[in-house]
Amino acid sequence: MSRLALLACLFAATACAGPREDLHAAFSKFLAQTSFRGDIDGNMAGRSSHSTIEFQAPDRVRVTSDGRPPVLMIGNTMYMNTNGHAMKVPMPGGSPMTQYRDANLLALLERGMQVEDLGLDRVGHKYRYTVQKPQPSTSLVWVLGGLPVQIQTSRAVMGKSVDTTIRYSRFSDPSIKIVAPN
């Protein structure tokens, strides 16, 4: 095949890619990250919350919420600080974070996902997607540098509106280290 024909094929494949494929590529790249930080702002029925999550592959998570001591999840164990002492709690199902890093879950969500390209704005390239399962929700995703850098999700939980914004940063940052307390 000539170089010109090869370039034409590559251009055609790129031109045929749509918002669903773009978002899939961004989430796939996200799953490959060795670490990240997420700043999460939530609002449920007028009640605001803020937390920070740090992830270190393959299964280490630190969650800090509204001035509380951090909670660590490492593999099948959670470490909580209770009255100044680290308490070790087994988690038979493993860290809930691993479900969000599962390529099979991504594929399952994508089956029923409707995606719209909303174009560029000040944060990055903006997409809207809606899903019906596991629960109906609408999300806005901003992609910058091929990675999702912000996600806003709205859904109803027990008849109440829940809005969540996650701003991701520090992708594959080697300084994110999560170690079990002594």
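Can you tell me how many residues within the range 161-180 are closer than 19 Å to PRO70 by Cα, assigned to a loop (DSSP other than H, G, I, E, B), at pLDDT 95 or above and not β-branched (Val, Ile, Thr)? Looking only at that region, the number is 3. Using the structure shown, decide if SER51 is among the hydroxyl-bearing types (Ser, Thr, Tyr), surrounded by 11 or more Cβ atoms within 10 Å (Cβ to Cβ) and either outside any strand (DSSP E or B) or modelled with pLDDT under 90 (or both). For SER51, the condition - among the hydroxyl-bearing types (Ser, Thr, Tyr), surrounded by 11 or more Cβ atoms within 10 Å (Cβ to Cβ) and either outside any strand (DSSP E or B) or modelled with pLDDT under 90 (or both) - is not met. Among the residues of the range 99-113, not a single one is more than 25 Å from LYS160 (Cβ to Cβ) and modelled with pLDDT of 90 or more.
Report, by residue number, each residue of the range 60-91 that is within 19 Å of ASP173 (Cα to Cα) and surrounded by fewer than 17 Cβ atoms within 10 Å (Cβ to Cβ).
THR64
The values are calculated or read from the model by the stated rules, or taken from the named source; none is laboratory data. Given the structure is predicted, the values throughout are model-derived calculations rather than measurements. Here the Cβ is made from the backbone with ideal geometry for all residues, glycine too, and neighbour counts use every protein chain on show.
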